[in-house]
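The values are calculated or read from the model by the stated rules, or taken from the named source; none is laboratory data. This structure is a prediction, so every number in the text was calculated from the model and none was measured. Here Cβ is always computed from backbone atoms with ideal geometry, including for glycine, and neighbour counts include all displayed protein chains. Protein only, heavy atoms only, side chains kept; ligands, DNA and RNA dropped before computing areas. Shrake-Rupley method; radii C 1.70, N 1.55, O 1.52, S 1.80 Å.
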Amino acid sequence: MGKYSELGTYLGNQKGTRVQLDLSEIESILGFPLPPAARNHPAWWTNDKDRIHAMDGWLGYGWKAKVNLETQRVSFINPENIIYTKDKSEDFKTSTPTKSHDFENKALDVMSDFYSKELVTGQYPGIPKSSGMMSHDKEIVGYAHYLTMDDDKDLPSAKFPVISEHVWLLEKAAALHKFLVFGNDRRVPEDWLKQYGHLVYDVDFFYYSHEDDRLERFILK
């Protein structure tokens, strides 16, 4: 085992897709102080496979790190793809959502089940003029999008800026889990991610297919 393997072991035992730890918490897990560079230089947390401490501490266990030196916290993200299918015996299906409002109501139920926490509509603190979905403890926040690609265009130009704005707002939120869930046309999140996915770090993208009751999380590369 490497010097930082205790952190990797800890992360490897986590079932969620995102873990946030204070630097002091990381030191407690490791059993020794972090070097000064870890507290003063974000480059120390670079997700570089050539860095032994990164491979021992998180990359080798399937996690990526994002540090905020102002708050002295690190977000570890597990980018593995997740497919979630609800048990059909629970009478989950209702009428096919044909309007945005119907899909938003359905998305509340689906994402509440996925996170095992009740989500409600509301305005998240610090995100002005924008109502989305969030948990009562404010640890989860997200938006639902029921969009269709334009048949005569390569990109839905009038719709992509809305997605970009929500990604930007979510990246600034202090929630532990942040997401966008899409319905109706899978090409919308796929094509947006092809264009702008490299700019996303802290937001999960999902697509919900009503036909087979499947919630899919996209891999962000």
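Using the structure shown, list the pairs from Lys106/Lys178; Lys64/Lys106; Lys138/Lys194; Lys3/Lys66; Lys106/Lys159; Lys3/Lys117 with a Cα-Cα distance above 25 Å, or answer none.
Pairs exceeding the cut-off: Lys64/Lys106; Lys138/Lys194; Lys3/Lys117.
Give me the accessible area of Trp168, 1.4 Å probe, in Å² rounded to the nearest 10.
150 Å²
Tell me which trypsin sites (Lys or Arg not before Pro) from segment 1-64 have a DSSP coil assignment and no more than 10 other beta carbons within 10 Å of their own.
Of the trypsin sites (Lys or Arg not before Pro), the ones in loops of segment 1-64 whose Cβ has at most 10 other Cβ atoms within 10 Å are Lys15, Lys49.
Shape call for segment 1-59 from the C-alpha gyration tensor, a ≥ b ≥ c root eigenvalues: rounded (a/c under 1.5), prolate (a/b greater than b/c) or oblate?
rounded
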